[in-house]
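Trainee: I'd like to ask you about the structure that follows.
The values are calculated or read from the model by the stated rules, or taken from the named source; none is laboratory data. What you are looking at is a predicted structure, and each value in this text was computed from that prediction instead of being measured. A quick note on method: Cβ atoms are made from the backbone with ideal geometry, for glycine too, and the neighbour counts reach across all protein chains shown. The protein model used for the area step is the full one, side chains on, heavy atoms only, and it has no ligands, DNA or RNA in it. Shrake-Rupley method; radii C 1.70, N 1.55, O 1.52, S 1.80 Å.
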Amino acid sequence: MLDADFFHRWLTSVAAAVEREADRLTALDSPIGDADHGGNLRRGFTAVVAVLEEEAPATPGAVLTLAGRKLISTVGGASGPLYGTLLRRTGAALGAEPQVSAADFAAALRAGVAAVATLGGAAPGDKTMLDALVPGADALPTSFAAAREAALQGALATVPLQARKGRASYLGARSVGHQDPGAASSALLFEALADAAEATVTATGETPGE
Ligand code: ADP
Ligand code: MG
């Protein structure tokens, strides 16, 4: 089972991955955006880690909704409200349970991803974060490792696509040939999730959710 600590560790691990990869995310946002994606997410997830340490919410749902609210209030770019909605909606779907199963989490995350699609009006194939979020969330019932791989492949598969949503869509055909920065950061979310799950296995000898 997954408790509040697990989700706290996940988001701390996302913050570390964003810190490590901020320059790469910004470099991806340079040819087809405004070169701020790494900075946007660094500011957002630094604030998320700080508020989680300060308030230490007791349930998985509360951890994710607090983190989502924080992202919305600290990130100016398009990605702030989108990732904020992802976490808030996933957290809302988890309710007030002190522990949730991996299957509960997978279902909740799909609801969160659906909310991102509604908010942004985008679908897979539009060259956005959804190209990593959708395959990642869909593979989560298999395993955390499968979700990490599916999200990574989804992000890489944005390279030949033409952007139909967000800033990159203004470039039309010139957006082809570049990886979408938001899809790359979404792959980091799943990488951090697999890391958090592996750390749990190491610490407890149990695979989360089993
Ligand atoms: P901004 O575009 O405002 O500078 P960021 O650079 O932080 O914001 O984030 C850009 C990323 O946001 C894009 O690479 C894309 O993945 C994602 N994005 C932008 N618009 C949408 C949308 N309508 N739906 C889904 N994702 C989107
Ligand atoms: Mg940008």
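Trainee: Given the condition of a type outside the set (G, A, S), free of Cβ contacts under 8 Å to residues at least 24 places away in the same chain and touching a helix residue (DSSP H, G or I) at 6+ places or on another chain (Cβ under 7 Å), answer yes or no: does some residue in region 75-97 qualify?
Mentor: As a first pass, look at region 75-97 and keep what is of a type outside the set (G, A, S): 75, 81-83, 85-90, 94, 97.
Then keep just the ones that are free of Cβ contacts under 8 Å to residues at least 24 places away in the same chain; that gives none.
No - not one qualifying residue is present in region 75-97.
Trainee: Shifting gears a bit: Considering (1) surrounded by 24 or more Cβ atoms within 10 Å (Cβ to Cβ); (2) over 13 Å from the mean Cα position of the chain (by Cα); (3) within 10 Å of ligand 1 (Cβ to nearest atom), say which one D131 fails and leave the rest.
Mentor: (2)
Trainee: Filter region 178-196 for residues that are assigned to a helix (DSSP H, G or I) and in contact (Cβ under 8 Å) with a residue 60 or more places away in the chain and give the result. Don't jump to the end; show me each part of the working.
Mentor: Step one: filter region 178-196 for residues assigned to a helix (DSSP H, G or I), giving 181-196.
Scanning region 178-196 gives P181, G182, A184, S185, L188, L189, E191, A192, L193, D195, A196.
Trainee: Inspect all residues belonging to region 188-200 and state whether any of them is among the hydrophobic types (A, V, I, L, M, F, W, C) and either within 13 Å of ligand 2 (Cβ to nearest atom) or farther than 22 Å from L64 by Cβ (or both). Please lay out each step first, then the result.
Mentor: Here is the first cut: in region 188-200, the ones among the hydrophobic types (A, V, I, L, M, F, W, C) are 188-190, 192-194, 196-197, 199.
Of the ones still in play, those that are also either within 13 Å of ligand 2 (Cβ to nearest atom) or farther than 22 Å from L64 by Cβ (or both) are none.
No, region 188-200 contains no residue that is among the hydrophobic types (A, V, I, L, M, F, W, C) and either within 13 Å of ligand 2 (Cβ to nearest atom) or farther than 22 Å from L64 by Cβ (or both).
Trainee: Just the residues that are closer than 18 Å to P81 by Cα, out of contact with any Asp or Glu (no Cβ under 6 Å at 6 or more places or on another chain) and either among the hydrophobic types (A, V, I, L, M, F, W, C) or part of a loop (DSSP other than H, G, I, E, B) (or both), please, taken from region 129-177. Lay out the reasoning, then the answer.
Mentor: Just the residues of region 129-177 that are closer than 18 Å to P81 by Cα, to begin with: 129-134, 165-168.
Right, trim to out of contact with any Asp or Glu (no Cβ under 6 Å at 6 or more places or on another chain) and you get 129-134, 166-168.
Hits for region 129-177 are M129, L130, A132, L133, V134, G166, A168.
Trainee: Quick one: in region 23-78, which of the residues that are of a type in the set (S, T, N, Q) and surrounded by fewer than 22 Cβ atoms within 10 Å (Cβ to Cβ) is farthest from ligand 2 (Cβ to nearest atom)? Before you say what the answer is, go through the steps one by one.
Mentor: Looking only at region 23-78, we keep the residues that are of a type in the set (S, T, N, Q), and these are 26, 30, 40, 46, 59, 65, 73-74.
Then drop every residue that is not surrounded by fewer than 22 Cβ atoms within 10 Å (Cβ to Cβ), which leaves 26, 30, 46, 59, 65, 73-74.
Values: T26: 8, S30: 9, T46: 17, T59: 33, T65: 25, S73: 18, T74: 15 Å.
That would be T59.
Trainee: Name the single residue that is nearest to the chain's Cα centre (by Cα) among those in region 79-98 being of a type in the set (A, V, I, L, M, F, W, C) and surrounded by fewer than 19 Cβ atoms within 10 Å (Cβ to Cβ).
Mentor: Residues of region 79-98 that are of a type in the set (A, V, I, L, M, F, W, C), as a first pass: 82, 86-87, 92-94, 96.
Right, trim to surrounded by fewer than 19 Cβ atoms within 10 Å (Cβ to Cβ) and you get 92, 96.
Values: A92: 16, A96: 21 Å.
It comes out as A92.
Trainee: May I ask you to say which residue of V201, V113 is closer than 26 Å to P60 by Cβ, in contact with a helix residue (DSSP H, G or I) (Cβ under 6 Å, 6 or more places away or on another chain) and either open to solvent by 30 Å² or more (accessible area, probe 1.4 Å) or of a type outside the set (S, T, Y) (or both)?
Mentor: The match here is V113.
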